[in-house]
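K.L.:
Supplied in structure tokens, the structure appears directly below.
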Amino acid sequence: MGAGPDPVAIVGWQCVTSAGWGNQALKIALRDNTPCLAPIRLFQLPFDTLVGEYAGALPDIRSELSAYACRNARLALLAVNAGQFRAQVGHLSDRYGSERIGLVLGTSTSGIYDSERAYAHFITHGRMPEEFDFLHQHAIQATAQFLALELGLKGPVYAISTACSSSAKAFGSGQRLIQAGVCDAVLVAGVDTLCRLTLQGFHSLELVSPGPCKPMDAGRQGINIGEAAALLLLERSHPDNRRFPHLLAVGESSDAHHMSAPEPRGRGAEEAMRSALTLAGLSAAEIGYVNLHATATPLNDLSEARAVASVVGSDTPCSGVKGIFGHTLGASGALEAIVTLESLRAGQLPGTCGLQRLDPSCPINVIQDPEPTEARLALCNAFGFGGSNASVLLARSGDDLPACLHSSPCRGAKATGISLRGWAVCGSDLALPEDFDIDVDPVDPSRLPATIRRRTSQATRLALCAGFSACERAGIDPRALPAVFASVGGEMQVTDQLCIQLAQPDGWISPTQFHNSVHNTAAGYWSIATESRQASTAMGAARETVAMTWLETWCRLMTENPRLLVVCYDERWPGYLQPGMGTLPVALAMVLEAGDTGRRCGALVQDFGVGLPEGLEEMVFRTPVLAVLPLLKRLDTSGTTGRSIKVPLGEGWCVEVE
């Protein structure tokens, strides 16, 4: 493992926001520093607020990809069609080959707007409409897979879903794919669209402002929700792309405090910023600007201000732009990275639209209006439900990199072994094929703190019980482990009930159920239960979830984390969502360690001639996360043969393991 990631160039970007289509609309909005907010037109709400809604027409999805047709995919397609972005992707595909271009998308809502319409049909007619396709519209990876097919990309494709930090964390995944030698370029995307669930959910938490939001203001009342699609192209750094902005590092952490309220002192946010600086080998004094998450909620702004002050002090210029575009949730990390790099390149920092009187409790230098700058390096913050924190460290160009970062880029991961330190499988009435001599533990709710046990779903209880058992068998304190939680459906039982409630006349939803509906609910409660502020992430890739989870895990082990907890899980789904799927509730957890010992493992190879063992294939069709069983069995086998075999992970993907 290296001392830190190599900088990667950001060679193209485009976005769609409430300001309009493309980068030029964004730059005009930043210059004018006025709200692009209005009453919602997409649907009716039972309360007053303003939103950042894209008001223009959205393109149709071509017939070959009609299964993916939803508002999220159409907004993403609009961004693809802006400027020269599609041509830039094509240039990279021609240069490296489409199989060397990855795609990691951050989203929180995915296609839930269209799911809500499907549920309204379900309540009226007792069945889902024929055009509803859960895996291709609602599930978190749907828009990522659509973009890959639309652009002809054949590299790794998956989604990160950690609420409002989703696309900020996607930068880290993209950088690691390049660092580990898996990809030469990665499309990092953040896409989220307006839906009733988030608007009425945040309203249930009493966090929605009735008028324009006022980030960091003494009189702030809450957020305005927005929607956006933000796309950025990362490329391995080389002399020809040195003039472009560069991604230096992404710091990640967890609050270990509460699902929807920030840690009051901002310790998790502080750790994310310090982690980014540590990974890049830089000091806080070198940071010339901080793009604040600044949601305009009383607690979040105060917590972030305390964290920023502890890292960069009270003089470094800071601002937040959610008063212009609204809070674009899972897209905000990618969108505000574009804001940050456009501002650095223009030599003008954005103002904080809506700020009139700085809260005296916020001890940082928040600028109200745009102002000139010579800043070269900036931090861009994104914090989400579950205490999921990310801070993206950006440079104005490759020529602005500190001398310590001018070294030649690493072209691959350091060869190493991976050891399985502990594992667990938890489920109810789950009978595995005879070839797998693996005990299945029953779910033991007593392992969970009472407050978590009473409030959580089957998915979270399964994931946490498996995680605790794996750490116990490994003899490792869970507080010391970063974690990757992977699921196809996430919190489908909770989301299903919320969508049914939203289809009722009053549309009232529970605030606890709302913050328990995010895809990273299990990851958030894991951090709370273990009091761990280590980074945790949540991801999915439909039927390729296990393969892409292995890739995310392998890249982390090769580049940043010597030890890692990996939990693959899914609960039982309602039968009308995706017939035949989600019928075997299970969680499988592994504690993995990279080092000189252990089995030598590769990243991923595609070989459709390597199939799942007999008896397992049908089970994996019903619950795709069970595809991890052959890998668990191979890693748990003692001794080595001196040769590698291909271990199947489903859907033609396999990993070579010694």
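The values are calculated or read from the model by the stated rules, or taken from the named source; none is laboratory data. Small disclaimer: the values here were computed from a predicted structure and weren't measured. Counting neighbours? That spans all protein chains shown, and the Cβs are built from the backbone with ideal geometry, glycine included. The accessibility values were calculated without ligands, DNA or RNA, using every heavy atom of the protein model including side chains. Shrake-Rupley method; radii C 1.70, N 1.55, O 1.52, S 1.80 Å.
K.L.:
Do we have ALA55 as more than 30 Å from ASP240 (Cα to Cα), without any contact (Cβ under 8 Å) to a residue 60 or more places away in the chain and open to solvent by 20 Å² or more (accessible area, probe 1.4 Å) here?
P.N.:
Judged against the criteria, ALA55 is a match.
K.L.:
Here's a follow-up. Could you check region 183-201 and list, in sequence order, the residues that are in contact with a Ser or Thr (Cβ under 9 Å, 6 or more places away or on another chain) and more than 30 Å from ILE10 (Cα to Cα)?
P.N.:
Of everything in region 183-201, those that are in contact with a Ser or Thr (Cβ under 9 Å, 6 or more places away or on another chain) and more than 30 Å from ILE10 (Cα to Cα) turn out to be CYS195, LEU197, THR198, LEU199, GLY201.
K.L.:
Residue under question is GLY126, and the condition is that it be open to solvent by 10 Å² or more (accessible area, probe 1.4 Å), farther than 25 Å from ALA382 by Cα, among the small types (Gly, Ala, Ser) and without any contact (Cβ under 8 Å) to a residue 12 or more places away in the chain; does it hold?
P.N.:
When the stated conditions are applied, GLY126 passes them.
K.L.:
Which condition breaks for LEU565 when tested against (1) surrounded by 24 or more Cβ atoms within 10 Å (Cβ to Cβ); (2) part of a helix (DSSP H, G or I); (3) in contact with a Pro (Cβ under 9 Å, 6 or more places away or on another chain)?
P.N.:
(2)
K.L.:
Sticking with this structure for a sec: With respect to GLY152, determine if the residue is touching a Ser or Thr at 6+ places or on another chain (Cβ under 9 Å), among the small types (Gly, Ala, Ser) and closer than 17 Å to PHE43 by Cβ.
P.N.:
For GLY152, the condition - touching a Ser or Thr at 6+ places or on another chain (Cβ under 9 Å), among the small types (Gly, Ala, Ser) and closer than 17 Å to PHE43 by Cβ - is not met.
K.L.:
Now for a separate question. Looking only at residues that are within 23 Å of LEU481 (Cβ to Cβ) and basic (Lys, Arg) in region 395-440, which one is modelled with the highest pLDDT?
P.N.:
Once the filter is applied, the top-ranked residue is ARG421.
K.L.:
Keeping to region 251-262, report how many residues are out of contact with any Pro (no Cβ under 9 Å at 6 or more places or on another chain) and either surrounded by fewer than 24 Cβ atoms within 10 Å (Cβ to Cβ) or of a type in the set (A, V, I, L, M, F, W, C) (or both).
P.N.:
Adding up the residues that qualify gives 4.
K.L.:
Same structure again: Go through (1) assigned to a loop (DSSP other than H, G, I, E, B); (2) open to solvent by 20 Å² or more (accessible area, probe 1.4 Å); (3) not acidic (Asp, Glu) for ILE509 and report which single condition fails.
P.N.:
(2)
K.L.:
A follow-up question, please. Which residue out of PRO579, PRO630, PRO574 is in contact with an Asp or Glu (Cβ under 6 Å, 6 or more places away or on another chain) and more than 26 Å from ARG100 (Cα to Cα)?
P.N.:
Testing whether each residue is in contact with an Asp or Glu (Cβ under 6 Å, 6 or more places away or on another chain) and more than 26 Å from ARG100 (Cα to Cα) leaves just PRO574.
K.L.:
Looking at region 532-550, can you tell me whether even one residue there is open to solvent by 40 Å² or more (accessible area, probe 1.4 Å) and among the small types (Gly, Ala, Ser)?
P.N.:
Among the residues of region 532-550, not one is open to solvent by 40 Å² or more (accessible area, probe 1.4 Å) and among the small types (Gly, Ala, Ser), which makes the answer no.
K.L.:
So is LEU349 over 15 Å from CYS15 (Cα atoms), touching a helix residue (DSSP H, G or I) at 6+ places or on another chain (Cβ under 6 Å) and at pLDDT 95 or above or not?
P.N.:
Here the answer is yes, as LEU349 does meet what is asked.
K.L.:
Assuming VAL443 fulfils every condition listed in (1) among the aliphatic types (A, V, I, L, M); (2) at pLDDT 90 or above; (3) closer than 28 Å to ILE140 by Cα apart from one, which condition is it?
P.N.:
(2)
K.L.:
Same structure again: Any residue that is over 16 Å from GLN175 (Cα atoms) and either basic (Lys, Arg) or at pLDDT below 95 (or both) - is there at least one of those in region 244-253?
P.N.:
For region 244-253, residues over 16 Å from GLN175 (Cα atoms) and either basic (Lys, Arg) or at pLDDT below 95 (or both): absent.
K.L.:
Could you list, in sequence order, all residues of region 475-490 that are in a loop (DSSP other than H, G, I, E, B) and touching a residue at least 60 places away in the same chain (Cβ under 8 Å)?
P.N.:
If the condition is that a residue be in a loop (DSSP other than H, G, I, E, B) and touching a residue at least 60 places away in the same chain (Cβ under 8 Å), then ILE476, LEU481, PRO482, SER487, VAL488, GLY489, GLY490 are the ones that fit.
K.L.:
Can you confirm whether region 33-52 contains a residue that is in a strand (DSSP E or B), touching an Asp or Glu at 6+ places or on another chain (Cβ under 9 Å) and open to solvent by less than 30 Å² (accessible area, probe 1.4 Å)?
P.N.:
Within region 33-52, one or more residues are in a strand (DSSP E or B), touching an Asp or Glu at 6+ places or on another chain (Cβ under 9 Å) and open to solvent by less than 30 Å² (accessible area, probe 1.4 Å).
K.L.:
Moving to a separate point now. Here is a check on your reading of the model: is HIS257 over 25 Å from SER110 (Cβ atoms) and at pLDDT below 95?
P.N.:
Yes: the conditions hold for HIS257.
K.L.:
Within region 282-304, work out how many residues are open to solvent by 40 Å² or more (accessible area, probe 1.4 Å) and outside any loop (DSSP other than H, G, I, E, B).
P.N.:
Residues that pass the stated criteria total 5.
K.L.:
Then there's this: Considering only residues that are in a loop (DSSP other than H, G, I, E, B) and aliphatic (A, V, I, L, M), which ones fall in region 53-82?
P.N.:
ALA55, ALA57, LEU58, ILE61, ALA69, ALA82
K.L.:
Residue check, SER173 against (1) within 29 Å of ALA55 (Cα to Cα); (2) touching a helix residue (DSSP H, G or I) at 6+ places or on another chain (Cβ under 8 Å); (3) of a type in the set (Ser, Thr, Tyr), all met but one. Which one?
P.N.:
Single failed check for SER173: (1).
K.L.:
Report every pair of residues separated by at least 6 positions or lying on different chains whose Cβ atoms are under 6 Å apart, first residue within region 9-34 and within 11 Å of LEU231 (Cα to Cα), second of a type in the set (Ser, Thr, Tyr) and part of a loop (DSSP other than H, G, I, E, B).
P.N.:
Cβ pairs passing all conditions: VAL16/TYR54.
K.L.:
If I ask for residues that are open to solvent by 10 Å² or more (accessible area, probe 1.4 Å) and under 22 Å from the mean Cα position of the chain (by Cα), which ones from region 78-115 would you list?
P.N.:
Of everything in region 78-115, those that are open to solvent by 10 Å² or more (accessible area, probe 1.4 Å) and under 22 Å from the mean Cα position of the chain (by Cα) turn out to be LEU78, ARG100, SER108, ILE112, TYR113, ASP114.
K.L.:
Here's something else I'd like to know. With the requirement that a residue be of a type outside the set (Asp, Glu) and in contact with a Leu (Cβ under 8 Å, 6 or more places away or on another chain), what does region 44-55 give you?
P.N.:
LEU45, THR49, LEU50, VAL51, GLY52, TYR54
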